[in-house]
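Engineer: After the structure tokens below, expect a handful of questions from me.
Read the figures in this text as sums done on the coordinates, not as results from a lab. Bear in mind that the values here come from a model prediction, so they are computed numbers and not experimental data. No Cβ is skipped: glycine too gets one built from the backbone with ideal geometry, and neighbour counts run over all protein chains shown.
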Amino acid sequence: MLLDRIEKANDIKKIEAKDYPQLAQEIRQFLIEKISVTGGHLGPNLGTVELTMALHLAFNLPTDKIIWDVGHQSYTHKLLSGRKDGFDTLRQFGGMSGFPKRKESDFDVFDTGHSSTSISAGMGIALARDMKGQDFNVISVIGDGALTGGMAYEAMNNAGKMETNFIIVLNDNNMSISENVGGMSKYLNDIRTTDGYLGLKEGVYNALIGKPVGQKVISGIRKVKSSVKQLMIPGMLFEELGLTYLGPVDGHDIQAMVKAFEEAKRTDKAVLVHVITEKGKGYLPAQKHPARFHGTAPFDVETGVPLSKTKPSYTDIFSTVMCKLGQRNENVVAVTAAMPDGTGLKRFHNMYPDRFFDVGIAEPHAVTFAAGLASQGMLPVVAVYSSFLQRAYDQILHDVCLQNLPVVFAIDRAGLVGSDGETHQGIFDFTYLTGIPNMTVMAPKNLWELSDMMKFALSLDAPAAVRYPRGEAYDGLEEHRSPMELGKGEWIVTEGELALLAIGSMVKEAVQVRELLAKKGIQARIFNARFAKPIDEEAVLLARKECRWIVTMEENVATGGYGEKVLDCLNRNGNQSGVLTIALPDTYVEHGNVELLKRELGVDPEGIVQRILEYIGYEGTVGCDTCE
């Protein structure tokens, strides 16, 4: 196999050009086989095989620097830079990351995981190169989906003034996670389908090449090429921004791309190479269902069907609840930032297309847009992943909460999310939301409480956030469903010398912790906090009065979390002793299975029990001989 000859970086340059198609096919087969076992981002990587090969052929890596926007399409890059053996542990704890990581390889220039950052980072690297008198190429690879993010335009606007070489590669597949929306998508589609321009360009060049005066005429054409483009391609947005535009180029024609990259190197300013690819190319299930195979769990290669069947997830429950809320109130509208499938809004979109808004990868715009809707009497629900909502912090504070507008944030993937790692762990939202005036922050203990909280949030006539984890929805404690009341939790168990004050996903853990403590002869009561803001101070003070110890439990970093709110309450009331806060450490949590990560971080039931026993000075066996 040709792929066996790729053992280290730049080995691809030893492959003959006639063998490039075979190597691309072998890479695709390798990725399909490996990702079917580990899970990962399949569609984006299948679509960029030839593009990555062309980059590795045209540039001298790692001296030249490639910055991958988002980075979920960098698997072939990892393969060609000598990391083939790492794919057996892809996205597993202690194994190879599914995103570029500087600590992993010199070929990974900039850590990425969120969209629309590569042009800004690449521009900074290019200008630092010049200031230090160095000589290398800088290439930012960005998808057309990422061009729906405002940061990309801020960067292109700035890059248009550059008087030094900087290469932007636009990987255009008409997709982000789901199908692209908006004006930029239409603009790029117009470029893709401008056969008149492409046909004229190809025809003229082919007719002149080899003729005695052909090269002189071609040089003349190059001088007026910008004017030709202005006539044949409406707008020429990139040229208007000050970027030299090359393309569009077939993103599965390696030699055509290498030629374009060589031309881009000779430009003494910022240049954009427009490459057209097909997401999921080479694997029929991924081509038919690109959104489903954007990021996939392990699957059967023959059918593309996931290997594991799971119970309904919190996302599934949210999806059902939104449809019911939309049916009951015509003012309920849904807003998402390019994530209709991932956030569970696809069904709402199908039922109420006029009340569904996908704004592209533009979280700041999504939030302020929702604020505008709310100011006119609508009830917007912004469905977003926890780690992506971070990108709209100022808009939450300034545009929603300052005006006390009734925008509801449905925050999916809150807490540890697992295999996507540091850039996607949703472990900061309690911290960054609870510090904002007028904001109410909730977390459900189970699937029924998610439904109740969504209804309650929409009734508040004020900003509210409901955060819930990735994965299967907890279906325990069904019998505990007291009515929602602002800032009030519920007691699940009311007897015991130790109080477990848990919020959200940690209520399930508290049930298991209580059972393990009972085996040690320690009786614990359980309180479902429900609210991270405002907290139930009456319940906290009751626990302080009746219990020897209080243990707070949350799936958020300790700083600014629920535990700190409890300590503050007790401090203001004169007694904060005997309180143990169980939370995530003040660090970025790497990729790995969620349950394994919880064990490593000491927030699984057994780890929590051990920390409690040590804290209270338990004189029996502290080890987990009964913690099975």
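Engineer: Taking the Cα atoms only, what angle lies between the long axis of helix 447-459 and the longest principal axis of the chain, rounded to 10 degrees?
Structural biologist: With both axes taken from Cα atoms, the answer is about 80 degrees.
Engineer: Right, something else. For the chain, what does -39500 (n - 2.57) per DSSP helix run (n ≥ 4), summed and divided by total residues, give at 222 nm, in deg cm²/dmol to the nearest 500?
Structural biologist: Values: 24 runs with 238 residues, N = 628.
Taking each H run of at least 4 residues, the total per residue is -11000 deg cm²/dmol.
Engineer: For segment 391-442, what are Rg and Dmax over the alpha carbons, in angstrom?
Structural biologist: Calculated on Cα positions, Rg and Dmax stand at 12.2, 38 Å.
Engineer: Label points 7 Å out from Cα along the Cβ direction at GLU240 and ASP130: separation in nm?
Structural biologist: For GLU240 paired with ASP130, the spin-label model returns 2.5 nm.
Engineer: Shifting gears a bit: If you wrap segment 425-525's Cα atoms in a convex hull and average its projection over all directions, what's the area in nm²?
Structural biologist: 7.4 nm²
Engineer: Could you give me the percent of Cα pairs per 10 Å distance bin for segment 314-467, shortest bin first, beginning at zero and ending with the bin that holds the maximum distance?
Structural biologist: 12, 47, 37, 5, 0
Engineer: Rounding to the nearest 10 and keeping the result within 0 to 90°, find how far the Cα-based axis of helix 118-131 lies from the longest principal axis of the chain.
Structural biologist: With rounding to tens, the tilt is 60 degrees.
Engineer: Which Cα, out of TYR75, HIS349, ILE6, lies furthest along the positive dipole direction of the chain (beta carbon charges, K/R +1, D/E -1)?
Structural biologist: The residue sitting most towards the positive pole is ILE6.
Engineer: Which is farthest toward the positive dipole end of the chain among SER387, ALA473, VAL271, measuring Cα position about the Cα centre, with Cβ charges +1 (Lys, Arg) and -1 (Asp, Glu)?
Structural biologist: So the residue we want is VAL271.
Engineer: Further, regarding this structure: Compute the length gained on full extension between GLN403 and THR559: take 0.36 nm times their separation in residues and subtract their Cα-Cα distance, giving the result in nm to one decimal.
Structural biologist: Details: separation 156, 0.36 × 156 = 56.16 nm, distance 2.68 nm.
Length gained, GLN403 through THR559: 53.5 nm.
Engineer: Of the listed pairs LYS78/LYS265; LYS78/LYS101; LYS14/LYS34; LYS34/LYS78, which have alpha-carbon separations greater than 18 Å here?
Structural biologist: Working: LYS78/LYS265 23 Å; LYS78/LYS101 10 Å; LYS14/LYS34 25 Å; LYS34/LYS78 13 Å.
Long pairs (Cα-Cα over 18 Å): LYS78/LYS265; LYS14/LYS34.
Engineer: Tell me the volume per residue, in Å³, of the convex hull enclosing the alpha carbons of segment 239-357.
Structural biologist: Values: hull volume 19.7 nm³, N = 119.
In segment 239-357, the Cα hull volume divided by residue count equals 165 Å³.
Engineer: Also, I was wondering about something else. Just the ratio, please: alpha-carbon radius of gyration of the chain over 2.2 N^0.38 Å, N its number of residues.
Structural biologist: Working: Rg = 27.2 Å, N = 628, 2.2 N^0.38 = 25.4 Å.
Relative to the rule-of-thumb radius for its length, the chain sits at 1.07.
Engineer: Which order do the peptides 378-385, 62-69 take when ranked by the mean count of other beta-carbon atoms within 10 Å per residue, highest first? Let's see the in-between values first.
Structural biologist: On the way: 378-385: 24.5, 62-69: 22.2.
Ranking the peptides 378-385, 62-69 by packing returns 378-385, 62-69.
Engineer: Another one. Nearest 10 degrees is fine. How inclined is helix 20-38 to the longest principal axis of the chain, computing both from alpha carbons?
Structural biologist: 0 degrees
Engineer: P(r) of segment 12-85 in 10 Å steps, Cα pairs, percent per bin?
Structural biologist: It works out to 18, 55, 25, 2, in whole percents.
Engineer: Please give me the summed charge of the neighbours of MET351: other residues whose Cβ is under 13 Å from its Cβ, Lys and Arg +1, Asp and Glu -1. Spell out each step's value before the answer.
Structural biologist: Values: positive: LYS324, ARG328, LYS346, ARG347, ARG355; negative: GLU330, ASP354.
Surrounding charge for MET351 is +3.
Engineer: Hey, another quick one. Give me the compactness ratio for segment 491-616, meaning the Cα radius of gyration over 2.2 N^0.38 Å. Can you show the working numbers first?
Structural biologist: Working: Rg = 13.7 Å, N = 126, 2.2 N^0.38 = 13.8 Å.
Ratio of Cα Rg to 2.2 N^0.38 Å: 0.99.
Engineer: Average projected area of the Cα convex hull of segment 24-164, in nm²?
Structural biologist: On the way: hull surface 34.4 nm².
Across all orientations, segment 24-164 yields a mean hull projection of 8.6 nm².
Engineer: Here is a follow-up. Highest first, please rank the peptides 73-84, 138-149 by the mean number of other Cβ atoms sitting within 10 Å of their residues.
Structural biologist: Numbers: 73-84: 23.5, 138-149: 27.1.
Output ranking for 73-84, 138-149: 138-149, 73-84.
Engineer: Please compute the length gained on full extension between GLN376 and ASN60, using 0.36 nm multiplied by the number of residues separating them and subtracting their Cα-Cα distance. Intermediate values should be presented prior to the final figure.
Structural biologist: Values: separation 316, 0.36 × 316 = 113.76 nm, distance 5.55 nm.
Length gained, GLN376 through ASN60: 108.2 nm.
Engineer: Modelled label-to-label distance, THR587 and ASN575, 7 Å Cα→beta-carbon offset: nm?
Structural biologist: Going from the THR587 label point to the ASN575 one covers 3.5 nm.
Engineer: Using only alpha-carbon positions, what ratio does the radius of gyration of segment 273-314 give when scaled by 2.2 N^0.38 Å?
Structural biologist: Details: Rg = 13.0 Å, N = 42, 2.2 N^0.38 = 9.1 Å.
Output field value: 1.43.
Engineer: Let me know the charge dipole size of segment 350-418 about its Cα centre in debye, to the nearest 20, where only the beta-carbon of Lys, Arg (+1) and Asp, Glu (-1) is charged. Provide the component values of the computation, followed by the final result.
Structural biologist: Numbers: 3 positive and 6 negative charges, 21 e Å.
Around 100 debye, computed over segment 350-418.
Engineer: Let me ask something else. Checking the table LYS455/LYS488; LYS13/LYS259; LYS132/LYS161; LYS519/LYS545; LYS324/LYS508 against a 22 Å threshold on Cα-Cα, which pairs fail?
Structural biologist: From LYS455/LYS488; LYS13/LYS259; LYS132/LYS161; LYS519/LYS545; LYS324/LYS508, over 22 Å: LYS519/LYS545; LYS324/LYS508.
Engineer: Continuing with this model, one more query. So for each of 8-21, 587-600, 396-409 I average, over its residues, the number of other beta carbons within 10 Å; can you give me the resulting order with the highest mean first?
Structural biologist: Numbers: 8-21: 13.2, 587-600: 17.0, 396-409: 21.2.
Order by mean packing, descending: 396-409, 587-600, 8-21.
Engineer: Around LYS34, what is the net charge, scoring Lys/Arg as +1 and Asp/Glu as -1 over all other residues with Cβ under 12 Å from its Cβ? Spell out each step's value before the answer.
Structural biologist: Values: positive: ARG28, LYS78, ARG83, LYS84, ARG91; negative: GLU33, ASP85, ASP88.
Net of charged neighbours comes to +2.
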